[in-house]
Amino acid sequence: MREYLLTLCVTAAVTYLLTGPVRKFAIAAGAMPEIRARDVHREPTPRLGGIAMFGGLCAGLLVAAHLTNLKSVYEISNEPRALLSGAGLIWLLGVLDDKWGVDALVKLGGQMIAAGVMVLQGLTILWIPVPGVGTVSLTPMQGTLLTVALVVITINAVNFVDGLDGLASGMVCIAATAFFMYAYRMWFGYGVEAAAPATLFAVILMGMCLGFLPHNMHPARIFMGDSGSMLIGLVMAAGAISITGQVDPDLLNSSAGSERAAVHAMVPVYIPLLLPLTVIAVPVADLVLAIVRRTWNGQSPFAADRGHLHHRLLEIGHSHSRAVLIMYFWSALIAFGAVAYSVNSASVWVVLAIAALSGVGLVLLLLPRFTPHAPRWAENLFPPRYRRGRRRGAHAATGAPEGDPADRSEAGSDGGEEREPVPSGFHGATAVGDRSRLPQRREISTHR
């Protein structure tokens, strides 16, 4: 565990330290696209954050190769090299898209090529454990097609959800943490050495996201861009493929009692088609809904719009930070709930806890305009938006009813001056402070 923590810290530190210089490079290189209709930020923000994340990935793999215990992963498997090869291709494709823009079909082809490179180096699904049946072996063609499909789905799921500051990196970090707990239990709990690469991939992915998050939280100073979102999606898919298609359930018979019990003990995160759906269920759900919505409206599935889940949270009145936290909550609930259920699927308390937390999440989702108020004796210790007297005074002065969203522009002003009214079509959640208003947004470009 100490070596994993060291790898995590090195990956996070390298990513964090590289992000600042990468931001300056992105500004100098002109990787600051104009504001689009689907964007929620108000000022051009540099991209290419994936360059720093790729540096963190390389640093983590390099450090792990020189540690006493983790270097055995490179001796028993070629998967770390396969991951680095596929990640390099997908990262290069993302950099080109962030700077010049790449057609959606070209990006899809590049994702398939990156997945194929990993398959050629041994990172592929060999068999699928099916509950009640046992192990189902796959032919090389079936394994290749399933591997490529899993990689493409996961990459695009993460890419689609990357719409708010800190959203994609935080959600993937939560998923990677849950995945690390599961893979670590597989390796040291059951003694399955084939789970070691997936455990390493998960801890490196955690470090990449943790190192980038301080620069990407609202208001973001830099975006990861496609070079980052596709990269972390590929790393997540590589871990899922490694622990799913390479681990033989027969190795668990001594611990679980039988092959059927071993397979059931690993449900639901062991089946490859369910793994990305449970670990990153929210991004995948957003991906499916986006494809259905665009196809129903007669548009291309790759056409950009403002119908994603995070956009809808903003439209119903949630602030930017609250929308991100709600997405974090549901991702954590589904990911850690799946891991807890796989550990003890017979426990009623696990199901009851998941149901209770789901109810809490629904309540938070239905209270978009709830604002906590500070006690009267401590109002001076809190920002103006949490003071009861200030809110009533503002309502009395403007004549607007209490709770009117139009009054939200006064929240956070420390000098008492009124801000410029927010134009229709924007929400209070999209404001990032007293910054200059930008020209009217252009129409959505359909190349992405």
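Could you calculate the FRET efficiency of Glu3 with Asn78 from 1/(1 + (r/R0)^6), where r is the beta carbon distance between them and R0 is 30 Å, rounded to 0.05? Provide the component values of the computation, followed by the final result.
Values: r = 20 Å, r/R0 = 0.68.
Given R0 = 30 Å and the Cβ-Cβ separation, E is 0.90.
Ignoring ligands, DNA and RNA, what percent of the 1.4 Å accessible area of segment 46-110 is carbon and sulfur?
On the way: 1720 of 2580 Å².
Of the solvent-accessible surface of segment 46-110, carbon and sulfur hold 66 percent.
Once both labels are modelled 7 Å past Cα along the beta-carbon direction, what's the Leu289-Ala378 spacing in nm?
Rounded to a tenth, the inter-label distance reads 3.6 nm.
How do Glu79, Glu193 rank by accessible surface area computed with a 1.4 Å probe, from largest to smallest?
These residues rank, largest area first, as Glu193, Glu79.
Skip the ligands, DNA and RNA, and give the accessible area per residue of segment 52-154 with a 1.4 Å probe, whole Å². Walk me through the numbers on the way to the answer.
Numbers: 4470 Å² over 103 residues.
Using a 1.4 Å probe on heavy atoms only, each residue of segment 52-154 averages 43 Å².
What accessible area per residue comes out for segment 185-233, rounded to a whole number of Å², with a 1.4 Å probe?
It amounts to 24 Å² per residue over segment 185-233.
If the cut-off is a Cα-Cα distance under 23 Å, which lysines reach Lys99, setting aside same-chain residues fewer than 8 apart in sequence?
Cα-Cα hits under 23 Å: Lys24, Lys107.
Along Cα→Cβ, 7 Å out, is where each label goes; now give me the distance between the ones at His66 and Leu96 in nm to one decimal.
In this crude label model, His66 to Leu96 measures out at 3.3 nm.
The values are calculated or read from the model by the stated rules, or taken from the named source; none is laboratory data. Computed from a predicted structure; not experimentally measured. Neighbour counts run over all protein chains shown; Cβ positions are idealised from the backbone, glycine included. We work out accessible area using only protein heavy atoms, side chains counted, and drop any ligands, DNA or RNA first. Shrake-Rupley method; radii C 1.70, N 1.55, O 1.52, S 1.80 Å.
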